[in-house]
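Notes to accompany the following structure.
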Amino acid sequence: MKLNYKRTFLIGLAFMSISAFWQVYDNIVPLMLKNTFKIGDTLTGGIMALDNILALFLLPFFGALSDKVDTRLGKRTPFIILGTAIAVIFMLILPQADQMSNFPLFFISLGIVLLAMSTYRSPAVALMPDLTPKPLRSEANAVINLMGAVGGIFALAAISFLVPKVEAASRPSYLNVYLAVAGFMVVAVAVLVSTIKEKKLAQEVREFEGEEPDTDEPDSESPKQGMPKEVRRSFIFILASIFLWFMAYNAVTTAFSRYATTIWDYKGGSFANALMVAMGAAILAFIPVGILSRRFGRKRMIITGILIITTTYFCGFLFKTYSPWINLVFAFTGIGWASINVNSYPMVVEMSKGSDIGKYTGMYYTFSMAAQTLTPIFSGFLMEHVSYWTLFPYAVVFSLFSLCTMLFVKHGDSRIVPAGK
């Protein structure tokens, strides 16, 4: 049994477009809030958490709703098309509102964009397990994350090349960056819709899995039974781990543009270079990590990733000024995050029933978004009222907590494949 890589790359186009948007959101919106609208770091963290507050309620809702939808295009595709269209239209208003210093227009447009993104993130992610047999989901998720990294690299490159190399406080125009990313999103989703016939492929996967024995995870339950106690325990611990490592990782990614321009004196969009290195390393790591996960198990790869990324957070704290070695540290950050991200979502959906994939996808995002709601506020408060130097130690602490909870996860792993098969 082998993964259909071409199909999986095409499925990943939706996640690629989503990732491109979030890179612009995480890196440009905080600069707009700080330099144009003169908002402090704590309140900026609160505004940056709005998408995650919306996601807490909307991602599980739209994930479960897409489980029940049945259209000519399938369950997930209609959400992807509509959400992308609305998001692209209103995201192009943001740089205009920034140049006009019009905060009401900026805030309303941002709210609509975040609502639109929330409607289709869970359906877009659920498309992969819908169209991929269970044993291949870690490998498939590696491809999906690779596509997400490509989207992130594109957005970071746009920031690096299209933002004028001036002091951020002088308010450079970000319109060209938003135009580039909006066009990228439209093309990605257009190719997805024209090449992936969701309804037909989902039926093929259902027929294939009907011929294969299931794992001993909850899919083997009768429909009326709940999740077994021991599986539920693992489920709680994996969700706790997801919450904790996102508390660490998102604190760094959300604050990085401010940290790099303030502490390391990066100019213009040059702070994006270190993030591009991390994304590039992740791109190179995703496929090997997926293969290794099938060989050695998802849990082992996640624990390895936590150890790597925690080390990079500690190293980040050691740099007091800019150094080329920062790029090497961020390369290992990308590898560590790839090892975690490739395997965590498949572990969650492995504990679900096939008819509930959208629901469990929403639960995965509930915990990741809960962390991403809280951590910009907490880390922003520490940065504003204690010191910017608190950012990386903060990430180290939460990353180590995630290691502790991950050790208690006993279910959701892939069946380890012997060497030579």
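Read-outs: derived from the displayed coordinates by stated rules, not from any lab. Because the structure is a prediction, the values reported are computed rather than measured. As a convention, Cβ positions derive from the backbone with ideal geometry for all residues, glycine included, and neighbour counts pool all protein chains shown.
About its Cα centre, the dipole of segment 36-195 is roughly 220 debye, where the only charges are +1 on Lys and Arg Cβ and -1 on Asp and Glu Cβ. Helical runs assigned H by DSSP (4 residues or longer) give the chain a calculated mean residue ellipticity at 222 nm of -26000 deg cm²/dmol, each run adding -39500 (n - 2.57) before division by the residue total. Between the beta carbons of residue 295 and residue 232, assuming R0 = 25 Å, the FRET efficiency works out to 0.35 to the nearest 0.05.
In this label model, residue 204 and residue 311 are separated by 4.2 nm, measuring between points 7 Å along each Cα→Cβ vector. Under the simplified labelling scheme, the residue 5-residue 101 pair shows an inter-label distance of 5.4 nm, with each label point 7 Å from Cα along Cα→Cβ.
Computed from the C-alpha gyration tensor, the three semi-axes of the ellipsoid equivalent to segment 1-99 are 32, 16, 14 Å, from longest to shortest.
Which residue, chosen from 383, 400, 318, occupies the Cα position most advanced towards the positive end of the dipole of segment 288-421, where the dipole is computed from +1 (Lys, Arg) and -1 (Asp, Glu) charges on Cβ about the Cα centre? With unit charges placed on the Cβ atoms, the residue in question is 400. As an equivalent ellipsoid, segment 234-348 spans semi-axes of 27, 15, 11 angstrom, where each value is the square root of five times an eigenvalue of the C-alpha gyration tensor, largest first.
With semi-axes defined as the square roots of five times the eigenvalues of the C-alpha gyration tensor, the equivalent ellipsoid of the chain measures 34, 24, 19 Å, largest first. Loop-located trypsin sites (Lys or Arg not before Pro) across segment 246-324 with a Cβ neighbour count of 12 or fewer within 10 Å are 320, with loop assigned by DSSP.
Taking the average, over residues, of other Cβ atoms within 10 Å as the packing measure, peptides 139-148, 396-405 rank 139-148, 396-405 from highest down.
For residue 328 and residue 197 in one chain, what is 0.36 nm times their gap in residues minus the Cα-Cα distance, to one decimal in nm?
Result: 43.1 nm gained on full extension.
The alpha-carbon positions of segment 142-207 define a convex hull whose volume is 102 Å³ per residue. Cross-linked pairs 75/299; 2/410; 6/134; 38/320; 134/359: Cα-Cα separations exceed 21 Å for 75/299; 2/410; 38/320. A Cβ-based charge dipole, computed about the Cα centre of the chain with Lys and Arg at +1 and Asp and Glu at -1, lands at about 340 debye.
Measuring from a point 7 Å past the Cα of residue 112 along Cα-to-C-beta, which residues in segment 61-89 have an amide N at less than 20 Å? Only 79-89 pass the distance filter.
How much of the calculated P(r) for segment 299-398 lies past 21 Å, in percent of all Cα pairs? Across segment 299-398, Cα pairs with separations above 21 Å total 48 percent.
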